[in-house]
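Encoded as structure tokens, the structure appears first; notes follow it.
What follows is calculated from the coordinates using simple rules that are stated; it is not laboratory data. The model shown is predicted, which means the values in this text are computed figures rather than measured ones. Cβ atoms come from the backbone with ideal geometry, glycine included; neighbour counts cover every protein chain shown.
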Amino acid sequence: MKPPNLLLALSDAPRALTDALFLKIATPLLRKLPPTQHRQSVMVIPGFLGDDRGNQPLIGFLRDLGHNAVGWGQGRNLGVQSFNENRLRESIAPLVEAGNGKVTLIGHSLGGIYAREIARSEPNSISQVITLGSPFGRGRLNASHANRLYQRLNPQPDARDNEDALASPPPVPTTAIYTKADGVVNWRTSMQAGSNHHVHNIEVLGSHIGLNVNAAVWYWIAKKLG
């Protein structure tokens, strides 16, 4: 599977600015969504090279809806060898307790892969996973423009990077949000294949980089959290 074409790749960052601009226009409408009747604990995990600051608008929106939303608290996401997995799980523990034994994990791109793997290993603590342009599908390693940089920052092989295992959905409700205009990863790797009844694929318009500031994404996240 090939990565996105050059035009999509070069235009992804400028299109992300357009996504953010449209979000500003749409935010007053989004804030009219009814407050949640079921307060949930939510952790938002950034994508490759991202951090909690980039997700702060989404986190603030979820808090305004009444959810207990936080970032991952691990600084910039430079790959699996740049953060402490045990520390991440420790950060989730109080959220699980505050959320009546469950927490929703939202992950942008690489962050969604982390979220799926945590849900796979600790399904009793995770209520659902929502991924935003996360390349978990088969052929993912050759289908991303970010893969070369990722490998330079993470030269050691990761035993968990098993293509078949990553492509299999975790045993919790999972929503895979993707855009066919993705300029970083091949959008086909961000969709869950098969007919698993726990999985919902949702297509939106927009860039890869801007999925966390995409008005349609915010709407679907709010709907999924209830």
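Observations on the structure shown:
- Against the rule of thumb 2.2 N^0.38 Å, how large the Cα Rg of segment 146-226 comes out: 1.24
- Segment 1-128: translational diffusion in µm²/s, Stokes-Einstein, Kirkwood Rh over Cα pairs, 25 °C, 0.890 mPa s: 154
- When the alpha carbon gyration tensor of the chain is reduced to an equivalent ellipsoid, the three semi-axes, largest first, read 24, 22, 16 Å.
- Whole-number D in µm²/s for segment 47-97 (Stokes-Einstein; Kirkwood sum over Cα pairs; 20 °C, 1.002 mPa s): 180
- √(5λ) per eigenvalue of the Cα gyration tensor, segment 12-61, largest first, Å: 22, 18, 7
- Least to most buried among TYR178, TYR150, TYR114 (fewest other Cβ within 10 Å first): TYR150, TYR114, TYR178
- Centroid-to-centroid separation of segment 187-226 and segment 79-116 [C-alpha atoms, Å]: 19
- Looking at segment 114-218 alone, DSSP beta bridges between its own residues are antiparallel in about 10 percent of cases.
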